[in-house]
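No lab work stands behind these numbers, since they all come straight from the coordinates. What you see is a predicted model; the values in this text were computed from it and never measured. Backbone-built Cβ (ideal geometry, glycine too); neighbour counts: all protein chains shown.
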Amino acid sequence: MWETPSHERPPYRALRPPRPVRRALRRAESVWDRLTDRFNRLGLSEDAILLGFAVAIGTLSALGVVLFYRLIDLAYRALYRWPSEWLPRAGAYAWRPVLTAVGLLAAWWIWRRLGQGHDGLNVPDVQRAVARRGGDIPTRPALARTAASAVTLGAGASAGSEGPVAVLGAAVGSLLGRLFRFDPQRVKVLVGAGAAAGISAAFNAPLAGAFFALEEILGTFAVASFPPVVVSSVLAAVVSHIFLGRHPAVDIPMEYGYALAREVLLFYPLLGVVAGLVSVFFIRLYFGTEGALKRLAVPAPLLPIGGGLLVGGLVLLSGGLLVGHGHLAVHIDLFGRLPWTTLLLLGFGSMLATSVTLGSGGSGGLFTPSLYVGAAIGGAFGVGLSQLFPALGLHPEAYAIVGMGAVVAAATGAPITGILLVFEMTNDYAIVIPLMVSVVIAHLVRRRLEPDNLYSGWLRRRGEHLEAGSDRDVMAHLRVAHVYGPEVEAVGEDVPAITLLARLGRSHALAFPVIDAAGRLLGQVSVFDLGRAAEGSDGAATLAGRTAGDLAAPVETVAPGDTVLEAIRRMGVRGAPSLPVVDPRSGRLLGSVTRAHILQRYEQVEAGRMSAPEPRSAPR
């Protein structure tokens, strides 16, 4: 988003209500406090509370999604249907860039006036709220973001509906949790349930909604979080279906699978590589465009106007194929018939239009545009293959479907969600195998070439380092010296291997660091090393004459000055529950760092943050 200079930001003045109104509000607050205290003293079980609130959150979030779609339709009628009644038919179409510019300007104004100075209220900001603010999501800015997104989408700009509805659902969960004075851990679960409900209602995909919340918002598949998230997601899908019917973001008229083994072994893995490369380009284009627009020295209102003209022009050149009528709809059969060059242009045009829309003041999500880009790129890949190998009878539409899942998984860093979302939209088991292959390869290619995804990149550019629900900023600043323990069961290099075998019955250790006479670490002997060395009919005889130094194997180590994030990475590489801590100058063994040490210290830091919340960002 374009940042308004501080000297141009208007002051936000809160209107002071009359004294009778203030007195009535205080009385109502006192009554509500007594009611919540009585509710919290009922002694209800944790599961009963979470499931009961999941039902309420799923219902309210689905109704919010219905209202959001009605607002999109209203904005579309106001910006296109009504003007077309008094403009000539050709003139109304030619005026599309101007109308899109008016819509983006209106969306920018709504967010600037009602957003209360928040920089975000999108999916990564919800991730930040869960990791850093105990799930505290302000209600009024969330509503403002929803309204601005409805105007953006209704104006024919390129953005997604999943971001606003996920934020809206998360805000519902946060509001209920704060109204009932729940502790931050419970509020976080309710936020995840709300985000799941929003995605489920928007895509009519309860499984994908639930796993999106667990994978992206909460960053955990813990058993305690699973039931309320799933209940809220399923209920939201049912409620939205009552009001909206079947409203797929992607229209798939028939089932597409694969007919040849070479498709799974060769073509779809190659599509995964292409999707990963396209995702890297999308991420860099998006943030590069955002940075370039921020550096433009132009009056603030001119940015959404210019962005709207450019996006409207791109949509005009595409014949309207870049966006739908207020709602983005991907027609898979169309993506199997167009020339591959046209599909490539649509894919890259969508990436540019989305980057300009969101970078110039528009509001919306990135998930649905990623689906569109994936469909276009996958369709181009499939059409190209069918032209190269006409005798194979390939279905380009299947490659468009798989391309959707691969790009959305790689670009947003949500592979499980990408697989489940496409499966729920197709209900085609035959597409699952090539889909999984392409998604995994695309995700790995993107991570290899670009560490950021569309969500984590937004956070990193604002000084945050969050991944999989954990605060990487904390881990990057904590040192191993702050967390490691001196307790370690080290053995000398001359200790007989038979003695180590005997110690296994008296120790809970799974590995023994081996040191020399000066205390320098030589290596490590694990339980598995001892087992392999003792193979044979007589284990004791096999170990006779061997020492700990003979069995010591190289081991990954950390120094006190290394970051905890680096220690976690090295543990992951080795799959080790702990690492020896070594003095980098002398090589002496100082102790060990375990996952339990890291978790305990992290919880202490987070508890300190909860007691002193971070200040809000400056008004925009």
Amide N proximity, segment 367-391 versus residue 341 label position 7 Å along Cα-to-Cβ, cut-off under 18 Å: 377, 379-388
Computed E for residue 516/residue 447 - FRET, C-beta separation, R0 41 angstrom, nearest 0.05: 0.55
Under the Karplus curve 6.51 cos²θ - 1.76 cosθ + 1.60, θ = phi - 60°, whole-Hz ³J(HN,Hα) for segment 119-127, x wherever Gly or Pro sits: 9, x, 6, 10, 4, x, 5, 5, 4
Computed over segment 168-230, Kirkwood Rh from alpha-carbon pairs, angstrom: 11.1 Å
Residue 522 long-range amide H proximity, modeled H, under 5 Å: 514, 515, 516
Contour minus Cα-Cα distance for residue 427 and residue 559 (0.36 nm per residue): 42.4 nm
